[in-house]
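These notes concern the structure reproduced below.
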Amino acid sequence: MNFLEKAQSLEAAEPVSSRRHLFHIPTGSDGEEIVYFCGNSLGLMPKAVEGDLQAELEDWRDLAVDGHHHARRPWYPYHESFRETGARLVGAKPGEVVFMNTLTANLHFLMASFYRPEGKRTRILSDAPTFPSDIYALQSQIRWHGGDIERDMLVLHPREGESCLDDSEIIQGIEDNADELGLVMLAGVNFFTGQAYDLAAIAKVCQKHDIPFGVDLAHAAGNLHLQLHDDGVDFAAWCSYKYVNCGPGAIAGAFVHEKHAHNTDLVRLAGWWGNDPATRFQMDEKTDFVPHPGAEGWQVSNPPIFSMTPLHASLAIFDEVGMEALRDRSTRMTAFLEECIGDLGGEHYSIITPNDPRFRGAQISIRVHGDAPGLRESLQKAGIVTDFRPPDVIRIAPTPLYNTYEEIARFAQILGERVGAGV
Ligand SMILES: *Cc1c(COP(=O)(O)O)cnc(C)c1O
């Protein structure tokens with residue numbers, strides 16, 4: 001059976017149907033829809049976003065300041081409308097999640113509370129390869145506290161000849177350095193390799209040693225079936241423009257575990273929107289900050305409505321499908337991708353993403369033995385969008401909401417032709 005026939009039969013048998021019709025699919029210069037495997041970088045636009053944004057513009061135009069309470073979706077409590085849907089996206093309880101700021105900003109705000117170096121416990125353990133923004137954030141937090149980067153950054157690297165760290169190596173790294181760790185900060189899904197970590201197991205060892213555990217979910221939110229509450233992660237942050245499909249620079253998410261919801265001893269960088277709404281406006285007479293319980297207490301500013309609006313359409317789609325079902329479709333699609341391209345590799349490339357579906361999300365990363373940017377470019381010319389990460393990796397992310405098995409088959413066929421042609 002060829003790839004295309006197999007793809008058609010898999011789609012026909014697939015219990016979780018594609019929601020492709022709810023998204024705008026860009027077309028190439030020939031007018032044909034492109035094959036978009038870059039939803040791990042910037043997700044496609046849900047069609048409903050346009051109307052929702054238009055409504056906000058109209059309400060601003062027509063209501064001005066009255067829009068805070070009388071817009072179709074009143075702006076004052078805007079963030080509250082995502083309490084339930086936001087929690088469902090990452091396996092949290094309502095109150096544990098808030099949408100605010102951008103990802104790296106949220107990492108800083110959360111680390112301000114959860115990275116409190118003290119005595120010997122000054123080090124931050126992280127995983128490599130680390131995303132540049134996360135490295136800068138972690139290093140600057142250490143400097144901010146007067147620490148020493150050489151001493152306080154503990155980055156675990158994959159063993160020689162390996163691309164990924166085993167969960168057991170991370171756990172061992174925590175055990176070995178527990179007395180000196182002030183924070184463990186990992187990716188939920190590694191941006192480079194596509195590897196997913198066992199957050200529950202890592203959270204458990206962090207708890208045993210009383211080390212705060214934070215997760216950057218940039219590549220995990222909207223991708224994995226996360227269980228942040230049950231896993232016992234202390235805090236997490238993610239952007240909403242990758243798998244969450246809310247557009248460039250979209251508002252980010254933040255999770256703070258319920259166990260910290262009422263801890264008023266936690267130091268934080270506060271602003272009025274994190275204050276108890278009942279006294280938020282008592283500007284003259286009041287000086288003491290009273291945190292809103294839960295994640296909302298970490299908000300600093302009033303919600304940026306236009307950046308938040310796409311969340312309505314996007315989260316409605318996730319809710320309709322359900323994260324668990326979506327992840328099942330994703331697991332099957334990625335397995336099909338692996339099956340299609342696994343045999344074509346040979347001397348041309350190797351797959352560096354773990355082959356056990358439990359340890360990866362949607363994305364497959366291939367290490368190209370040769371001209372990786374050239375290969376990506378050549379795929380692009382054939383109407384297939386992937387991305388290149390230096391020095392030699394191409395990332396391919398079939399996203400289960402809008403990609404299809406047939407696109408995977410087309411991709412595999414073209415990839416086979418290109419590597420066969422020596423590109
Ligand atoms: C995409 C990504 C970011 C981006 O940070 P912004 O603050 O949204 O610009 C940060 N960290 C990781 C791991 C990412 O994948």
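The values are calculated or read from the model by the stated rules, or taken from the named source; none is laboratory data. Bear in mind the structure is a predicted one, so any value in this text is a computation, not a measurement. Every residue, glycine among them, receives a Cβ derived from its backbone with ideal geometry; neighbour counts consider all protein chains shown.
The residues of the range 325-344 that are out of contact with any Leu (no Cβ under 9 Å at 6 or more places or on another chain) and either within 18 Å of residue 13 (Cα to Cα) or surrounded by 13 or more Cβ atoms within 10 Å (Cβ to Cβ) (or both), listed by number, are 325, 328, 331, 334, 335, 337, 338, 339, 342. Tally up the residues in the range 215-233 that are within 12 Å of the ligand (Cβ to nearest atom) and either outside any loop (DSSP other than H, G, I, E, B) or not assigned by TED's automatic domain parsing to the domain that holds residue 190 (or both), please. Within the range 215-233, residues that are within 12 Å of the ligand (Cβ to nearest atom) and either outside any loop (DSSP other than H, G, I, E, B) or not assigned by TED's automatic domain parsing to the domain that holds residue 190 (or both) number 2. Going by the conditions given, is residue 279 without any contact (Cβ under 8 Å) to a residue 60 or more places away in the chain and part of a loop (DSSP other than H, G, I, E, B)? When the stated conditions are applied, residue 279 passes them.
Picking from 181, 186, 154, which residue would you name as being in contact with a helix residue (DSSP H, G or I) (Cβ under 9 Å, 6 or more places away or on another chain) and either within 16 Å of the ligand (Cβ to nearest atom) or not assigned by TED's automatic domain parsing to the domain that holds residue 261 (or both)? Residue meeting the stated conditions: 186. Summed over the range 85-128, residues that are out of contact with any Leu (no Cβ under 7 Å at 6 or more places or on another chain), of a type outside the set (A, V, I, L, M) and within 11 Å of the ligand (Cβ to nearest atom) total 5. Every condition in (1) at pLDDT below 95; (2) within 13 Å of the ligand (Cβ to nearest atom); (3) surrounded by fewer than 17 Cβ atoms within 10 Å (Cβ to Cβ); (4) not hydroxyl-bearing (Ser, Thr, Tyr) holds for residue 131 except the one numbered (3). Looking at 67, 86, just one residue is in the same structural domain as residue 245 (by TED's automatic domain parsing) and touching a residue at least 60 places away in the same chain (Cβ under 8 Å), and that residue is 86.
Summed over the range 222-259, the residues that are in contact with an Asp or Glu (Cβ under 7 Å, 6 or more places away or on another chain) and farther than 19 Å from residue 190 by Cα give a count of 4. Of all residues in the range 249-264, exactly one satisfies the criterion of being within 15 Å of the ligand (Cβ to nearest atom) and surrounded by fewer than 22 Cβ atoms within 10 Å (Cβ to Cβ), namely 249. On the stretch given as the range 5-22, residues that are hydrophobic (A, V, I, L, M, F, W, C), over 22 Å from residue 44 (Cα atoms) and not in a helix (DSSP H, G or I) total 0. Among the helices (runs of 4 or more DSSP H) confined to the range 71-156, the ones with at least 1 residues that are under 21 Å from the mean Cα position of the chain (by Cα) are located at 83-90, 103-114, 132-144. When 306, 281 are checked against the criterion of being modelled with pLDDT under 95 and more than 16 Å from the ligand (Cβ to nearest atom), a single residue qualifies: 281. Restricted to strands (runs of 3 or more DSSP E) entirely inside the range 342-399, those with at least 1 residues that are in contact with a Phe, Trp or Tyr (Cβ under 8 Å, 6 or more places away or on another chain) and more than 29 Å from residue 317 (Cβ to Cβ) are 364-368, 393-396.
Would it be correct to say that residue 163 is more than 13 Å from the ligand (Cβ to nearest atom), assigned to a loop (DSSP other than H, G, I, E, B) and surrounded by 15 or more Cβ atoms within 10 Å (Cβ to Cβ)? Against the criterion (more than 13 Å from the ligand (Cβ to nearest atom), assigned to a loop (DSSP other than H, G, I, E, B) and surrounded by 15 or more Cβ atoms within 10 Å (Cβ to Cβ)), residue 163 qualifies. In the range 331-347, the residues that are closer than 16 Å to residue 417 by Cα form no Cβ pair under 8 Å with any partner that is modelled with pLDDT of 95 or more and hydroxyl-bearing (Ser, Thr, Tyr), whether six or more places apart or across chains. The single residue among 175, 169 that is surrounded by fewer than 14 Cβ atoms within 10 Å (Cβ to Cβ) and at pLDDT 95 or above turns out to be 175.
Any residue in the range 302-318 that is of a type in the set (Ser, Thr, Tyr), touching an Asp or Glu at 6+ places or on another chain (Cβ under 6 Å) and closer than 20 Å to residue 89 by Cα? Yes, the range 302-318 contains a residue that is of a type in the set (Ser, Thr, Tyr), touching an Asp or Glu at 6+ places or on another chain (Cβ under 6 Å) and closer than 20 Å to residue 89 by Cα. Going through (1) within 16 Å of the ligand (Cβ to nearest atom); (2) in contact with a helix residue (DSSP H, G or I) (Cβ under 6 Å, 6 or more places away or on another chain); (3) within 28 Å of residue 351 (Cβ to Cβ) one by one, residue 246 falls short only on (3).
Scanning the range 172-190 for residues that are of a type in the set (A, V, I, L, M, F, W, C) and farther than 27 Å from residue 148 by Cβ turns up just one, 189.
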